[in-house]
Amino acid sequence: MPEALMKLLDAKDHPLLSVEIGEVNRMRRHALDFEKPIAEVEANIASLKQITEGIGEDRTEEIRELELLLEHITREIFSNLSAWDKVQMARHELRPYTMDYVRLIFDDFVEIHEDRHFGDDPAMVGGMATLDGERVMVIGHQKGRDAKERAYRNFGSAKPEGYRKALRLAQMAEKFRRPLLCFVDTPAADCTVEAEERGISESIARNMRDFALLKIPTMSIVIGEGGSGGAVGIATTNRVAMLEHSIYSIIPPEGCAAILWRDPDRAPEAAEALKLTAEHALRFGVVDEVIEEPMGGAHRNYDETARRVKASIQRHLSELKGLSGGDLVQSRYERFRRLGEWYEEGRASIAVAGG
Amino acid sequence: MPPGGWFSRHKPESDLPEGLWSKCERCERIVFVRDLERNLKVCPHCDYHHRLTAWERIEMLTEPGSFSEWDADLRSSDPLGFPEYPEKLEKDRQKTGLTDAAVSGCGSIGAHRVSMGLTDFRFRAGAMNSVVGERLTRAVERAVDERLPVLLVSGTGGGASMYEGILSLMQMPKTSVALARHHDLGLLFISLLTDPTMAGVYASWASLGDLTLAEPGATIGFTGSRVSKQAQAHVGRRPANYQTAEFQQDRGMVDRVVPRKDLKATLEKLLDWTA
């Protein structure tokens, strides 16, 4: 890239600096290692557009070529993601979080803050909303975007009061017969002394048990990290969908590597062994649907990602709509009941999860 | 030089070594094996509750000859193809004579028939995999069918088993939905927490009892020390008895810490009251 263009790209207050360039720079700053070629080509395209529009020099031909190249390398890179690449995608700093989906999918969101026991937990959000006019309850883990918000949201690790708030909202949804939607995005439940003191285990366990008995349609969507107990604490639902580049795991790969090999640096290997991708979750029957992400991942196109998540929610809710409260409890029971894989000695057949 | 070398920090196996005498794992005083056995493996000097195997626990709690095992033919299938998992399972099968980390069945405690499930720490640290989840779930389902009370005894170091990944994780909601149905029918579930009860097991069925009992001194908690050290979560005020049965009772998470010698009588009283 010519030096003049680099200057143009990096200039903060340049009159020509368009929204698009700001966005491209943001992508470049947060690009994962394997995303860097994509970010570079995007930056080149943006600068050529700038020249065309700003200086009036026609570079449309080059732009067209670069756009083809961009599509090609993006497809190439994203068709070969390793499990570890997916872990990084799931944790991507630009990935849409729960409140982004709330903003893009629902209307009239009214956030509700308390658990009636201890206090508010900013790592778990929830409230009433409408989905194309239908009244629904929404809950979800919430991560922070910058350093300050990340600390405020405790990196998306909810405490007992967060799980109790979630249960309170779930039971309120049941009282008023509204569907419940849960957005799952947590590295793990909070593991501090205070969480232990207030019963983090009990709060997660109780949610699984009491979510099981809800006589309303329930659905969860794993949008980023489906971190162990912290995830299942709001995901014992009739339907579970998962975004393509999300993960669902019993343990973070770093922790697994530390325990198995006493070496957190072998996390990529552990990620592979843990089979934590959406593809595996679908094969094991753990999720009912994998929602395909726009090319390059959810963070490259919030609107399109939200549109697909919304379509998935509407499809599942319409399928569940005809069921009675008792049928919803029964089918949820059967859904979780069959998970696992084992065999019975003396019999040839293997009981496979998901039937 | 002692076996294992001067600098060996090897702790004895949870099983006390064979012979006439052994050393208490906590106070390290010499105890006659016969005295220890008579005392339900509780150290007569320091009251340390040594870990029991699933079958020792069954023998201690149920009426002689009343226990019949269920689902002994279930076997782990290594669904993830996890490195060295089949070998580790086989090793523990040889070592313990168990087929997996949980034993389930029906037995009598006093006058009450009780559906039971117990994890055994000696087998893969009692971790919950698909077989453990399936055995416990079936035990709860039989209790639902026959309207029986359930007693689950936990003793697992690592919670849900890493080696079956997401499928182990799913045993948490699976056992919980089964207990939800049992709960919804107004049936009694007693959870007995023994050393150690951690992570995915503590955060699922072990925390769902109508009544939660625990043995004195048992380690009980959500996050194991290795993980929380990594997360530096314990910097600051960590109580001296952190993540013990007594700590959990103090914080209202355990209903009652019951010495081993009183367990059977306590269970009988609770079963009588609720029957």
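The values are calculated or read from the model by the stated rules, or taken from the named source; none is laboratory data. Since the model is a prediction, treat every value here as computed from it, not as a measurement. Note that we place each Cβ from the backbone using ideal geometry, even for glycine, and neighbour counts take in every protein chain shown.
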Would you mention how many residues in segment A:175-194 are within 14 Å of chain B (Cβ to nearest Cβ) and either in contact with a Cys (Cβ under 6 Å, 6 or more places away or on another chain) or not small (Gly, Ala, Ser) (or both)? 9
Return the residue satisfying two criteria in turn: it lies in segment B:89-104 and is without any contact (Cβ under 8 Å) to a residue 24 or more places away in the chain, in a helix (DSSP H, G or I) and more than 14 Å from chain A (Cβ to nearest Cβ), and of such residues it is surrounded by the fewest Cβ atoms within 10 Å (Cβ to Cβ). B:Gln94
A:Ala189 - would you say it is over 14 Å from A:Asp120 (Cβ atoms), surrounded by 21 or more Cβ atoms within 10 Å (Cβ to Cβ), over 18 Å from the mean Cα position of the chain (by Cα) and of a type in the set (A, V, I, L, M)? no
Note on B:Arg181: of the conditions (1) within 11 Å of chain A (Cβ to nearest Cβ); (2) more than 17 Å from B:Leu267 (Cα to Cα); (3) at pLDDT 95 or above; (4) crowded, with 24+ Cβ neighbours inside 10 Å, unmet is (4)
Selected residue [under 23 Å from B:His183 (Cα atoms), in a loop (DSSP other than H, G, I, E, B) and assigned by TED's automatic domain parsing to the domain that holds A:Phe109] from A:Ile234, A:Ile204: A:Ile234
Subset tally (residues that are more than 7 Å from chain A (Cβ to nearest Cβ) and either of a type in the set (D, E, K, R) or without any contact (Cβ under 8 Å) to a residue 12 or more places away in the chain (or both)) for segment B:73-88: 6
Collect the residues in segment B:190-212 that are in a strand (DSSP E or B), facing chain A (nearest Cβ under 10 Å), out of contact with any helix residue (DSSP H, G or I) (no Cβ under 6 Å at 6 or more places or on another chain) and under 11 Å from B:Leu152 (Cβ atoms), keeping them in residue-number order. B:Thr212
Checking the structure you have, find out if any residue of segment B:105-119 is touching a strand residue (DSSP E or B) at 6+ places or on another chain (Cβ under 6 Å) and assigned to a loop (DSSP other than H, G, I, E, B). no
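Being within 9 Å of another protein chain (Cβ to nearest Cβ) and either out of contact with any strand residue (DSSP E or B) (no Cβ under 6 Å at 6 or more places or on another chain) or surrounded by fewer than 24 Cβ atoms within 10 Å (Cβ to Cβ) (or both) is the filter here, so list the residues in segment B:135-160 that pass it.
Result: B:Thr137, B:Glu141, B:Gly158.
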In segment A:197-247, which residue that is within 15 Å of A:Gly285 (Cα to Cα) and of a type in the set (S, T, N, Q) is nearest to the other protein chains (Cβ to nearest Cβ)? A:Thr236
Hey, which of the strands (runs of 3 or more DSSP E) in segment A:247-355, taking only ones fully inside, have at least 2 residues that are over 29 Å from A:Ala39 (Cα atoms)? A:342-344
Can you tell me which residue is farthest from A:Trp342 (Cα to Cα) among those in segment B:127-158 that are modelled with pLDDT under 95 and not in a loop (DSSP other than H, G, I, E, B)? B:Gly155
Could you please find all residues in segment A:208-227 being of a type outside the set (A, V, I, L, M, F, W, C) and buried (at least 24 other Cβ atoms within 10 Å of the Cβ)? A:Arg209, A:Pro217, A:Thr218, A:Ser220, A:Gly224, A:Glu225, A:Gly226, A:Gly227
Is it the case that B:Thr53 is surrounded by fewer than 20 Cβ atoms within 10 Å (Cβ to Cβ), within 29 Å of B:Ile190 (Cβ to Cβ) and more than 14 Å from every other protein chain (Cβ to nearest Cβ)? no
Find all pairs meeting these conditions: Cβ atoms under 7 angstrom apart; at least six residues apart or on different chains; first residue within segment A:45-71 and assigned by TED's automatic domain parsing to the domain that holds A:Gly22 and within 22 Å of A:Arg28 (Cα to Cα); second residue assigned to a helix (DSSP H, G or I) and among the charged types (D, E, K, R). A:Ile45/A:Glu67; A:Ala46/A:Glu20; A:Leu48/A:Glu62; A:Ile63/A:Lys49; A:Leu70/A:Glu42
Criterion first (surrounded by 24 or more Cβ atoms within 10 Å (Cβ to Cβ) and either without any contact (Cβ under 8 Å) to a residue 12 or more places away in the chain or more than 13 Å from the chain's Cα centre (by Cα) (or both)) does B:Ala127 satisfy it? no
What pairs come out if I take residues in segment A:258-286 that are in the same structural domain as A:Val222 (by TED's automatic domain parsing) and pair them with residues that are charged (D, E, K, R) and modelled with pLDDT under 95 whose C-beta lies under 6 Å away, six or more apart or interchain? A:Pro264/A:Glu254; A:Ala267/A:Glu254
Looking at A:Ala166, A:Ala151, which one is touching a residue at least 40 places away in the same chain (Cβ under 8 Å) and either in a helix (DSSP H, G or I) or within 13 Å of chain B (Cβ to nearest Cβ) (or both)? A:Ala166
Condition check: polar (S, T, N, Q) and surrounded by fewer than 24 Cβ atoms within 10 Å (Cβ to Cβ). Does A:Gln171 satisfy that? yes
Residue count for segment A:4-58, restricted to those that are at pLDDT below 55 and assigned to a helix (DSSP H, G or I): 7
